[in-house]
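Down below is the structure, laid out as structure tokens.
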Amino acid sequence: MPHPTAVTINHKNNDDPYLAILADNKNLNIFLNQDGIINTHDKVDSLLNYLWHSNNKFISENSNLLFGSNNIDTIPLVFKTFRQERANNINLLKGEIGPNILELLHYQNDARIYSFLFYYGRIMKELKPNNSYFDFVHRIPKLTLSAKSLPDIYLYKYEIEYLRENDAIESITDFLAFIDRQTSNKELADYLRASYIKGLIESPTYWEKHERLFNTEVLTQALISEKENPYKYLLEKSSNSFYASQSGEKAYLFTAEDASGNQYKLEDHLGKVIFIDNWATWCRACLNHRHNVLELANKYKNNSDVEILLMSVDSSKEKWLEFLGKENSKLGYNLFIKDGRSEEYGQQYNINFIPKYILIGKDGKIINANIQEPSIAVEQAIENASKV
């Protein structure tokens with residue numbers, strides 16, 4: 001293994017993953033307790049998880065300052081002491097670990113902070129690229145192989161730099177070429193291009209300025225242009241899901257179960273307009289929209305041509321049933337597919353994030369598998385589909 005890499009270890013009975021570093025001359029012993037909690041009992045791995053969890057904890061503890069401040073230029077400075085404190089903790093292991101692992105840990109420290117700063121500026125505040133807030137991009141560490149562990153900060157950096165030179169993203173191909181121009185290391189350029197295309201497919205809400213330019217034709221062209229890319233394997237699963245979930249494609253015929261353990265087979269319900277709310281009990285955004293979904297279900301409860309499915313993709317059936325018991329609603333079809341996002345169901349409908357809403361027509365073909373939220377426009381789409 002030429003350079004250490006960070007990996008995620010998951011257990012099917014636990015929603016909390018564990019991070020670990022793979023490297024030459026480093027043992028990886030995985031321990032699992034009765035609750036499905038994973039640990040390797042390795043100092044380096046413990047430090048890696050500390051960098052991840054402490055980031056979220058720091059943001060939570062400083063939420064009033066971070067989200068209540070009117071002087072957004074000071075937000076990057078809030079993390080200065082926090083970053084140095086974590087760097088000091090990393091350096092405590094300096095005499096015990098090799099320089100490449102040390103570099104990776106320091107990169108993880110920086111990258112997790114910059115990931116939040118980009119999210120804050122690009123997504124939450126929707127700041128213009130020329131806003132002085134984004135001047136922190138000049139302080140992002142020099143690109144090294146450690147970037148492969150969290151590559152997105154460089155893609156976001158490139159977006160800011162591109163838009164500071166241009167009025168808008170011209171095309172996906174043009175931005176891919178920009179990645180090449182900005183990245184002198186060919187291996188990293190290949191990796192970043194593959195990561196960018198994968199991100200467009202799996203996390204379109206993070207690429208709002210690019211998403212409108214992305215469709216099946218563009219993806220096909222991109223896959224052809226990347227056919228010699230050694231990291232093209234990163235795109236295989238997500239691109240297949242993207243193609244399968246596009247408008248006009250036949251809907252994947254899934255089987256789910258209801259709260260009584262009875263099977264719901266989509267093929268038995270074809271000929272109806274079907275709206276699917278993909279959600280989970282732990283997903284705050286899903287729960288924020290649930291009232292609107294239930295209102296939609298209430299509107300069509302007496303319409304035999306329309307079905308509203310509330311599809312839980314939780315890993316725990318017990319948590320789902322407990323939620324339904326507290327909610328005590330009879331609206332819509334409450335269904336469950338265990339770990340639905342990672343199973344065939346999620347792959348076929350390209351469910352990489354939730355909530356995700358899907359509309360299927362009477363002919364069993366997908367009308368839209370990328371609905372942002374329940375709305376008047378969704379109701380209109382259901383009405384139009386019902387008339388066919």
Complete set of residues in the stretch 224-282 that are assigned by TED's automatic domain parsing to the domain that holds Glu187, basic (Lys, Arg) and over 24 Å from the mean Cα position of the chain (by Cα) | Lys227
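Yes or no, residue by residue, for (1) in contact with a helix residue (DSSP H, G or I) (Cβ under 8 Å, 6 or more places away or on another chain); (2) of a type outside the set (Gly, Ala, Ser); (3) over 19 Å from Thr144 (Cβ atoms); (4) assigned to a strand (DSSP E or B):
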{"site": "Trp52", "(1), (2), (3), (4)": "yes, yes, yes, no"}
{"site": "Asn70", "(1), (2), (3), (4)": "no, yes, yes, no"}
{"site": "Pro76", "(1), (2), (3), (4)": "yes, yes, yes, no"}
{"site": "Asn89", "(1), (2), (3), (4)": "yes, yes, yes, no"}
{"site": "Ile113", "(1), (2), (3), (4)": "yes, yes, no, no"}
{"site": "Phe116", "(1), (2), (3), (4)": "yes, yes, yes, no"}
Is the stretch 25-44 home to any residue that is surrounded by 12 or more Cβ atoms within 10 Å (Cβ to Cβ) and either assigned to a helix (DSSP H, G or I) or not assigned by TED's automatic domain parsing to the domain that holds Tyr206 (or both)?
-> yes
Any chance the stretch 191-207 includes a residue that's farther than 29 Å from Tyr120 by Cβ and surrounded by fewer than 18 Cβ atoms within 10 Å (Cβ to Cβ)?
-> no
Limited to the stretch 323-346, what total is found for residues that are in contact (Cβ under 8 Å) with a residue 12 or more places away in the chain and loosely packed, with under 15 Cβ neighbours inside 10 Å?
-> 2
Select from the stretch 118-142 the residues that are out of contact with any Leu (no Cβ under 7 Å at 6 or more places or on another chain) and part of a loop (DSSP other than H, G, I, E, B) and list them in ascending order.
-> Lys125, Glu126, Leu127, Lys128, Asn130, Asn131, Ile140, Pro141, Lys142
Taking the residues in the stretch 315-342 that are closer than 30 Å to His11 by Cα and of a type in the set (Gly, Ala, Ser) as candidates, determine which candidate is modelled with the lowest pLDDT.
-> Ser342
So is Ile75 buried (at least 16 other Cβ atoms within 10 Å of the Cβ) and assigned by TED's automatic domain parsing to the domain that holds Asn166 or not?
-> yes
One residue from Asn27, Asn33 being over 25 Å from Phe116 (Cβ atoms) and touching a Ser or Thr at 6+ places or on another chain (Cβ under 9 Å) = Asn27
Any residue in the stretch 125-150 that's closer than 15 Å to Phe79 by Cα: show its pairings with residues that are assigned to a loop (DSSP other than H, G, I, E, B) at Cβ separation under 6 Å, as long as the two are six or more apart or on different chains.
-> Tyr133/Leu127
Got at least one residue in the stretch 299-314 being modelled with pLDDT of 90 or more, acidic (Asp, Glu) and under 22 Å from Asp268 (Cα atoms)?
-> yes
In the stretch 6-24, is there at least one residue being closer than 26 Å to Pro99 by Cα and in a loop (DSSP other than H, G, I, E, B)?
-> yes
In this structure, does Lys301 turn out to be touching a Leu at 6+ places or on another chain (Cβ under 9 Å) and of a type in the set (Lys, Arg)?
-> yes
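Here's the yes/no breakdown for (1) modelled with pLDDT under 95; (2) out of contact with any Asp or Glu (no Cβ under 6 Å at 6 or more places or on another chain); (3) under 28 Å from Trp207 (Cβ atoms):
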site	(1), (2), (3)
Ser63	yes, yes, yes
Leu66	yes, yes, yes
Ile72	yes, yes, yes
Lys80	yes, yes, no
Ala87	no, yes, no
Leu93	yes, yes, no
Asn100	yes, yes, no
Arg112	no, yes, yes
Phe116	no, yes, yes
Within the stretch 334-388, considering residues that are basic (Lys, Arg) and under 24 Å from the mean Cα position of the chain (by Cα), the one nearest to Tyr264 (Cα to Cα) | Lys338
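The values are calculated or read from the model by the stated rules, or taken from the named source; none is laboratory data. In this text, all values refer to a predicted model and were calculated from it rather than measured experimentally. Glycine gets a Cβ as well: all are built from the backbone with ideal geometry, and neighbour counts include every protein chain shown.
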